[in-house]
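Following: one structure in structure tokens, then a few remarks.
The values are calculated or read from the model by the stated rules, or taken from the named source; none is laboratory data. Please read these numbers as outputs of a predicted model, since none were measured by experiment. Note that we place each Cβ from the backbone using ideal geometry, even for glycine, and neighbour counts take in every protein chain shown. Remember, those area values only see protein heavy atoms, side chains included, never the ligands or the DNA or RNA. Shrake-Rupley method; radii C 1.70, N 1.55, O 1.52, S 1.80 Å.
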Amino acid sequence: MKGLERYAVVSCHVERPLDDAVWRAFERMLERRPSGFVVTPLMRPPALDSGEDPERWLARARRAAELAPLGHHTHWGGPTQARPVAGIEAAAVVRAEIDWVRARGLEPRWFCGGGWYFDEAVAEALAAAGYVDCSATSFRPGYLDDAAPRLQLPGPRRLRLPSGASLLELPATHSVGMLARGLPRLDGFVHLHFHDWELVDRRRALALAALLRVLRLRRRPLALAELTELAAGAEEIAWPGATIDT
């Protein structure tokens, strides 16, 4: 999309919201808004089958929603297994999580699938819920094989799904490491993603803070909510049925 190359957004995959040290570090970041960036928390709901405390999770999700626009991150195989395992119906898990968080008064608007997982049924579930999706990437994750279901896009797009529904995609463009390596030749719009647990690694946390300071000099910070408005008129493309690699 023309005009977005001046901007940068930052989102966090909040995978360990019940780890006290991780949560304290992440909450401080939300409060500080480093270098003017409003970090969107894409929070993984509690894995009740694994004994995670739903009330503690809700308290932290509500606090996150006070500080920034709230999003949703799914791990289909439990707290430590991002992508779906055998026997898991990915879209059913997403629908159940959406129902669970909404029944408790939360209204996340943005979504990212664990391990960048994405398929047609998940896309239809997200569109039906009125979500904006951030599961696409502008790069090929090196740890995924060629057949791994995912979506690759060069920038924001509206997906026209087989049902006729439309789903806005705001792809991630950089991890922390990718941004560090690419800063000298930074080109175009930036959607930086990181993980909450990176903030308790001093080296990673310092690197992220430094990168945000430099990025602020190169791009205007946007919240994901602002990007969503700007990208509302993004080019529409038909659901491809497979990875888009352009």
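Summarised in one figure, the compactness ratio Rg/Rh of region 138-183, Cα atoms and Kirkwood Rh, is 1.06. Note that the chain carries a Kirkwood radius of 18.1 Å, evaluated over its alpha carbons pair by pair. Estimated from the Cβ-Cβ distance and a Förster radius of 45 angstrom, the FRET efficiency linking Arg158 and Arg202 is about 0.65.
Region 177-246 and region 63-99 have Cα centres separated by 21 Å.
Using only side-chain charges placed at the Cβ, +1 for Lys and Arg and -1 for Asp and Glu, the dipole size of the chain relative to its Cα centre rounds to 1220 debye. For region 36-90, the per residue solvent-accessible surface stands at 42 Å², with DNA, RNA and ligands left out and a 1.4 Å probe. Would you work out which of Gly115, Leu4, Ser163 lies farthest towards the positive end of the dipole of the chain? Charges go on Cβ: Lys and Arg +1, Asp and Glu -1. Going by the charge dipole, the pick is Leu4.
Its DSSP H runs of at least 4 residues, each contributing -39,500 (n - 2.57), put the calculated 222 nm mean residue ellipticity of the chain at -10500 deg cm²/dmol, to the nearest 500. Remark: the Cα gyration tensor places region 144-246 in the prolate category, a/c being 1.5 or greater and a/b exceeding b/c. Taken about its Cα centre, region 1-43 carries a charge dipole of roughly 260 debye when the Cβ of each Lys and Arg holds +1 and the Cβ of each Asp and Glu holds -1. Rolling a 1.4 Å probe across all protein chains gives Trp23 an accessible area of roughly 20 Å². Put simply, the convex hull of the Cα atoms in region 32-175 casts, on average, a shadow of 9.5 nm².
Quick check: at a probe of 1.4 Å, how many percent of the accessible area of region 90-201 sits on carbon and sulfur atoms? Roughly 50 percent of what the probe reaches on region 90-201 is carbon or sulfur. Within region 1-104, the proportion of C-alpha pairs whose separation exceeds 17 Å stands at 56%. Which of Ile237, Val101, Tyr143 sits farthest toward the positive end of the charge dipole of region 88-246, with +1 on the Cβ of Lys and Arg and -1 on the Cβ of Asp and Glu? Result: Tyr143, furthest along the dipole toward the positive end. Cys residues of the chain that find no other Cys beta carbon under 4.7 Å: Cys12.
Charges were assigned to the Cβ only: +1 to each Lys and Arg, -1 to each Asp and Glu. The resulting dipole of region 200-246 about its Cα centre is roughly 680 debye. Shown here is the pair-distance distribution of region 111-169: with all Cα-Cα distances grouped in 10 Å bins from zero up to the longest one, the shares run 23, 57, 19, 1 percent. On full extension, the segment bounded by Gln81 and Arg102 gains 5.2 nm, given 0.36 nm per residue less the C-alpha separation. Distances between placed amide hydrogens fall under 5 Å for Met43 paired with Val14, Gly71, His72, His73, all partners being 5 or more residues away or on another chain.
The residues of region 126-212 have, on average, 41 Å² of accessible surface per residue, using a 1.4 Å probe with all protein chains present. With the convex hull constructed from alpha-carbon coordinates only, region 184-235 shows a mean projected area of 4.7 nm² over all directions.
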